[in-house]
1. Exactly one condition in (1) modelled with pLDDT of 95 or more; (2) open to solvent by 10 Å² or more (accessible area, probe 1.4 Å); (3) among the hydrophobic types (A, V, I, L, M, F, W, C) is not met by Trp117; state its number.
2. Can you tell me which residue is farthest from the chain's Cα centre (by Cα) among those in the range 225-243 that are open to solvent by 80 Å² or more (accessible area, probe 1.4 Å) and in contact (Cβ under 8 Å) with a residue 12 or more places away in the chain?
3. Quickly run through the range 78-116 and pick out the residues that are of a type in the set (Asp, Glu), assigned to a helix (DSSP H, G or I) and either without any contact (Cβ under 8 Å) to a residue 40 or more places away in the chain or not assigned by TED's automatic domain parsing to the domain that holds Phe310 (or both).
4. Of the residues Arg207, Arg203, Arg216, Arg191, which single one is surrounded by 16 or more Cβ atoms within 10 Å (Cβ to Cβ), among the basic types (Lys, Arg) and out of contact with any Gly (no Cβ under 9 Å at 6 or more places or on another chain)?
5. Taking the condition in the same structural domain as Val257 (by TED's automatic domain parsing), open to solvent by 50 Å² or more (accessible area, probe 1.4 Å) and under 16 Å from the mean Cα position of the chain (by Cα), does Tyr140 pass?
6. If Leu123 satisfies all but one of (1) within 16 Å of the ligand (Cβ to nearest atom); (2) within 18 Å of the chain's Cα centre (by Cα), what's the number of the condition it fails?
7. For the range 260-314, enumerate the residues that are open to solvent by less than 30 Å² (accessible area, probe 1.4 Å), in a strand (DSSP E or B), at pLDDT 95 or above and not small (Gly, Ala, Ser).
8. Here's a check for you: in the range 213-246, which residue that is in contact with a strand residue (DSSP E or B) (Cβ under 8 Å, 6 or more places away or on another chain) and assigned to a helix (DSSP H, G or I) is farthest from Tyr280 (Cα to Cα)?
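The values are calculated or read from the model by the stated rules, or taken from the named source; none is laboratory data. Note that the coordinates shown come from a computational prediction; the quantities given were computed from them, not determined experimentally. We place every Cβ from the backbone using ideal geometry, glycine too, and count neighbours over all the protein chains shown. Heads up: the accessible areas ignore ligands, DNA and RNA and are worked out on the full protein's heavy atoms, side chains in. Shrake-Rupley method; radii C 1.70, N 1.55, O 1.52, S 1.80 Å.
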Amino acid sequence: MPRRKKEQGKVSRDRKSLKHPVQILKGMHDVVYPEVAYFEQLRSVCQEVASRYGYGFLEVPVLEHQDLFKKSVGGTTDIVQKEMYAFKTRGGDEVALRPEFTAGMVRAYIENGMSNWPQPVKLWTWGPAFRYENPQAGRYRQFWQIDFEYFTSADPIVDVEVMQMGVDLLKSFGIKNVCLELNSIGCWGCRDTYRKQLKNYYRSKKRKLCLDCKSRFDKNILRLLDCKNEQCQPFKTDAPQMLDYLCKECNAHFKKVLGYCEELGLGYVLNPFLVRGLDYYNRTVFEFFTQNSENEGGGAKLALGGGGRFDYSTQLLAGPETPACGFALGVERIATLLGKDPKSISEPTVDAYFVQIGEPARVRVLGLIEKFKRCRVRIGFDVGRESLRAQFKSADRFHAQFAVIIGEKEIFDNTFILRDMVSGIQETFPIDTLMDVLRDRVK
Ligand code: AMP
């Protein structure tokens, strides 16, 4: 094709593509107001509760080697087999977007030599996770999680501390009717015996199971117990229960967990079918739910998060033996619940709003903002606006107690007007007393 024609072809293709806006990927969502305000609120509550329980913050990468998840979450799990965003980089590395946080946290624990840190090591993080699932209400392909992990103790009281903290956190977010379900899935030894029993039980029923469960039968028999498919439900009732197969040590551990829960008044529901089918879990596993009439599905229980003990995880990644326990919460689900109660979101507020009239005042206001960096007075301003009315409207929207008004006269006199936004009373002060006056007046 002659070059000119080729270029013309390209231009018309480009024009065509202008008519088709690029849209967000299926299952992804922008976090915009008001959801983003709930996200911010949740994060600040996390920070407060984390420091109360002695957790430090860390960030782990979104992208990791696929092997990290294969080895710790498990190569036969749905998460790794069906849901992981996995690809090869230009350099040939086989990588994956994290489908969950624990694997990365454990890798970080090992790689940063945290076994040499003062013990116990308590860490929390927050960020997006990715799973290629069927998007539906409350289920996304990119979703945010809050993750708390407690390293270096096998003591059953730690399981209870971690669960109590999860409940405390959810209640601090303002969620009512938080319900904790728990179970024990034993250790590698007793779980093996249980797996065999479960296989014996399900063998004759295999052809009546859903397609997924048919394949789980060989790959990950425990996952049959948390299948939500209608056709598999009737078989669960008579299935053998893990609690009947716990070895002596696991049994004693779980009894202590239940004993501590009762002593502390931490309410729980024993759920023998709760298995959390990831490879790294052992002994205590738990999930947090909320149940109220406003949930999607009218009263159905909504899973807010879950976790458990993962004493094997460091060994699975060839690290030093380190018992640990933790949980992850789904941020969108919690934000949706908060959105149902508009009172739960605190509106943005400032103490004083700067209102400027004329070009020199605009520049002066911008110069003053810098000085308030380390001052406890919260200020608002918008030097992009000229209309007085619009600026006062904005001051009202931020519930400002005071407006600091600077016009031509004030620039000339080196003063400012302080207007009480409730009474409307105005006073004039020298500009160099601005900080002191505001500190003194702001309640
Ligand atoms: P999991 O790691 O699967 O136990 O998930 C912990 C919590 O994260 C769940 O209880 C949900 O609240 C949330 N969650 C998990 N998967 C998704 C998803 N695809 N979309 C939104 N939230 C999710």
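1. All conditions pass for Trp117, except number (1).
2. Filtering first and then ranking leaves Asp238.
3. The answer is Glu111, and nothing else.
4. The unique qualifying residue is Arg191.
5. yes
6. Checking Leu123 against (1) within 16 Å of the ligand (Cβ to nearest atom); (2) within 18 Å of the chain's Cα centre (by Cα), the one that fails is (1).
7. Asn282, Thr284, Val285, Phe286, Phe288, Phe289, Leu304, Arg309
8. Leu243
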